[in-house]
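Novice: Could you have a look at this structure, given as structure tokens, before my questions?
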């Protein structure tokens, strides 16, 4: 309630001021002329209410002004100074009214002048207003002044209404300009905040992608090295007794694998801006490391090997590394691992096809349809195959993983395509 009273306080002050001024004027007129002026109370109340509605309901105030003026003409109530409060209503309509109120109030100014002209120059309409006492008073006063003074009075009346209306219109335009400026500033602030949030989200995404890349690289390097070292260590159990040279060779192979893994991990953790190319002979080292663990590897090359850009060379190396790791972990030790690199030849062949095939462990679960591609979760839990897929997707390649029932047992085949020529 107190908040509502504070909201209406300015309008209440204006309405009370108009009411008090009107009462004082009528009281002075009553004392001066010695007759009752009670009929003016309606006019005073009407203009006080209209002035009080100038901000919250300007159209209602405009309607009240027209109604009070019409009743004033009909009942012959004379003009009083408090009626100049119509200027407050004109200002309120232009400043706070809606577009319809603005147009109606603007048209009301010339309309009021036209009504005054008709009343004063009653040559055609005199019969209508002849019996009204206020009309006779206006007519008598008009005869005392020249036409120039009447025109001046009409212009003055127009100014009394037009100047406040134009002032309200100017303030309305200024307020809209300020509001538009504030909205523009807010929009710019929102855009800047959105840009900052976008940049932060991009940075976070880049950091997460970098973390994911780092995790994939560490997984590939460490997983492969540990699998190879484990296979080599297990093979040492079956060395004949009294053969220290074979044991030394096995331990040297384990040390070499560990040392190579440590170098790869250091290279991964160093985080170079551009991927460093794989070591010379890295593919042969991967194959030899698996062989040293006691697993037979049959490696074949189809086509002419080609130099690869560093990024593609790293991708191809990591894919072969992870494929061999899966073959060691989930394949049978008494069956060879078939590794084939098919280099692109001709016009239409654009990809390096890497295929690794091995006989899977019988403990693995069989899919319902043995000819369909397998999902990573059906073969190896974790991020091995999924990491290979993401790595290949990043360069436009693809991965296919299948498992089939063949006479020699359940076979596991992983095939990767690296876009060699399309990347040049």
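Novice: Run the quick spin-label model on residue 208 and residue 306: label points 7 Å from Cα toward the beta carbon, then report their separation in nm to one decimal.
Specialist: According to this spin-label approximation, the distance is 3.6 nm.
Novice: A further question follows. Calculated FRET efficiency, residue 246 and residue 334, Cβ-Cβ r, R0 22 Å, to nearest 0.05?
Specialist: 0.65
Novice: Sticking with this one: Set the Förster radius R0 to 35 Å, insert the Cβ-Cβ distance between residue 75 and residue 176 as r into 1/(1 + (r/R0)^6), and round the FRET efficiency to 0.05. Show your work: numbers first, answer last.
Specialist: On the way: r = 41 Å, r/R0 = 1.18.
The calculated FRET efficiency here is 0.25.
Novice: Just grab the label-to-label distance for residue 187 and residue 237, each label 7 Å out from Cα along the Cβ direction, in nm (one decimal).
Specialist: Simple spin-label model gives 7.5 nm for this pair.
Novice: Once you order the gyration tensor axes a ≥ b ≥ c over the Cα atoms, which shape class does region 281-342 get: rounded for a/c under 1.5, otherwise prolate or oblate by comparing a/b with b/c?
Specialist: Working: a/c = 2.24, a/b = 1.72, b/c = 1.30.
Judged from the Cα gyration tensor, region 281-342 comes out prolate (a/c at least 1.5, a/b above b/c).
Novice: Right, next: Counting other beta carbons within 10 Å of each Cβ, put 283, 412 in order, fewest first.
Specialist: Details: 283 21, 412 26.
Exposure proxy ranking, most exposed first: 283, 412.
Novice: Please work out the FRET efficiency for the pair residue 230 and residue 386, using the Cβ-Cβ distance as r and a Förster radius of 30 Å; give the result to the nearest 0.05.
Specialist: On the way: r = 23 Å, r/R0 = 0.75.
My answer for the efficiency is 0.85.
Novice: Rank the residues 71, 392 as a footprinting-exposure proxy: fewest other Cβ atoms within 10 Å of their Cβ go first. Kindly include the intermediate steps, with their values, before the conclusion.
Specialist: Values: 71 14, 392 21.
Placing the least packed residue first, the sequence is 71, 392.
Novice: A follow-up question, please. Does region 1-114 come out rounded, prolate or oblate, given a ≥ b ≥ c as the square roots of the eigenvalues of its C-alpha gyration tensor, rounded meaning a/c under 1.5 and, failing that, prolate meaning a/b above b/c?
Specialist: Details: a/c = 2.69, a/b = 1.31, b/c = 2.06.
Taking the square roots of the gyration eigenvalues as a ≥ b ≥ c, region 1-114 is oblate.
All of the numbers you see were taken from the coordinates with simple rules; none came from a lab. Quick caveat, the model's predicted, so the values are computed rather than measured. Cβ sites come from the backbone with ideal geometry, for glycine too, and all protein chains shown count toward neighbours.
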